[in-house]
Amino acid sequence: MIRLRQLLGAAAILPATCSLGCLASPSPVADGIPVRRLPDEVLGRPKSELQPVPLNLLRRSEVAEYRLDRGDTLGVFIENVLGNPDQPIPINAGATGHASLGYPVTVREDGTILLPDLPPFSVRGKTLAEAKETIIGMVTGNVFLVGSKRLLVPGTEKVVVDLVQPRSYRVLVVREDSSATTDVAGAKKGTGVTVELTAYKNDLLEALNRSGGPPGPDSKNEVVIRRGTYNPAEPAQGYVRIPLRVRPEEPLVIAEPDIILNEGDTVFIEARDADVFYTSGLAGAHQVALPRDRDLRVTDAIANIPSPLLDVHSPLIGGVTVVRRPPGAQGEIRIRVDLAEAFRDPRENILIHPGDIIVLHDRPATPHRWMRALRLP
């Protein structure tokens, strides 16, 4: 087995590859390195190893009880303080269809609420039951609560506390994938939508579902979340990358705070540049797209070449050379593929990488043999 550095050094002294569309002469098959002598780093790893990230990692965990914070709207009724005994308790129809009782009281920016004849007091972090106990203590003069007043006799109070409208967070979702629209010329345009996510549902999965679903095959296998204001001095600040497909040995570290979205966050789904390979020689000059999540091997690639006269079993095909430029390296490597062996040995049937050039060479033959192969008169 030879190393990548040795391969690139040897490739530097090989004749230049023919331009797309030409038939190499002399055939570079003789110059190519057989597949069996190549290191695994040149052959690459299949995309089939990539596993989708479980969707439940993109959703925040369930909570036992709702805890109040700024932006929540409570429904409060306190007989003889906020409401009269001879009047019915108001009924509120929430935006979600949930009916609630009481007069609307908003939790302010500092987490406090304001009720008649009482100073502001905090309900931040409390459940509805805890908020009710706090309100009862404030109107009955509980000595342990600062600012409480004896407005009602303890034990005679009638208090109702309900949730009228949960707080929400506005998040901008920008997409460049298949959910984007196209203009009259057929060019894809990105889309942006602002979604309102209620508390405890303000996670990445909810934002994706509200904006068109998970990223399509024409996008990158990741979602980027930007928080706060961009700082050129610290470009990584507030930048969260959430992978959607990973290899089994790669650590998958997605903490719940990473996928929780807050007011003003931006979710970005970036389109990927189409990966392509090229053909030359007997196949003619073509540019063919590679699928994002599916492997394409050399025999499949030849079958995908748009040529009505081309067949992987054609007697005209005498050899295949794959010209590859390893990422991050100088030079190119010519890989000689035994097409007949490729149908039997998966290692010979190498994976096609983005940017590969597949050169098909004709089998030495007389013009009469060419005519018979093409069934020409």
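Screening residue 209 on (1) at pLDDT 90 or above; (2) surrounded by 19 or more Cβ atoms within 10 Å (Cβ to Cβ); (3) among the polar types (S, T, N, Q) shows it passes everything except condition (2).
Is it true that residue 64 is of a type in the set (A, V, I, L, M) and open to solvent by 70 Å² or more (accessible area, probe 1.4 Å)? Answer is yes for this residue.
Note on the stretch 257-309: residues that are small (Gly, Ala, Ser), under 22 Å from residue 216 (Cα atoms) and open to solvent by 50 Å² or more (accessible area, probe 1.4 Å) amount to 2. List the number of the failed condition for residue 99; all other conditions in (1) open to solvent by less than 70 Å² (accessible area, probe 1.4 Å); (2) more than 18 Å from residue 128 (Cα to Cα) hold. Single failed check for residue 99: (2).
When the residues of the stretch 320-367 are filtered to those that are more than 26 Å from residue 48 (Cα to Cα) and surrounded by 17 or more Cβ atoms within 10 Å (Cβ to Cβ), the one that is modelled with the highest pLDDT is 360. Quick check on my filter: what residues within the stretch 222-251 are under 17 Å from the mean Cα position of the chain (by Cα) and open to solvent by less than 40 Å² (accessible area, probe 1.4 Å)? The answer is 222, 223, 224, 225, 240, 242, 243, 244, 246. What number of residues in the stretch 73-98 are within 22 Å of residue 126 (Cβ to Cβ), free of Cβ contacts under 8 Å to residues at least 60 places away in the same chain and of a type in the set (A, V, I, L, M, F, W, C)? Summing the residues that are within 22 Å of residue 126 (Cβ to Cβ), free of Cβ contacts under 8 Å to residues at least 60 places away in the same chain and of a type in the set (A, V, I, L, M, F, W, C) in the stretch 73-98 gives 1. Screening the candidates 269, 317, 302 for the property of being among the β-branched types (Val, Ile, Thr), modelled with pLDDT of 90 or more and in contact with a strand residue (DSSP E or B) (Cβ under 8 Å, 6 or more places away or on another chain) yields one hit, 269. Whenever a residue of the stretch 334-352 is within 12 Å of residue 43 (Cα to Cα) and among the acidic types (Asp, Glu), its partners that are open to solvent by less than 10 Å² (accessible area, probe 1.4 Å) and part of a helix (DSSP H, G or I), lying with C-beta atoms within less than 6 angstrom and at least six residues away or across chains, give the pairs 348/35; 348/342.
The values are calculated or read from the model by the stated rules, or taken from the named source; none is laboratory data. Given the structure is predicted, the values throughout are model-derived calculations rather than measurements. Every residue, glycine as well, gets a Cβ built from its backbone with ideal geometry; the counts of neighbours run over all protein chains shown. What goes into the accessible areas is simple: the full protein's heavy atoms, side chains included, and nothing from ligands, DNA or RNA. Shrake-Rupley method; radii C 1.70, N 1.55, O 1.52, S 1.80 Å.
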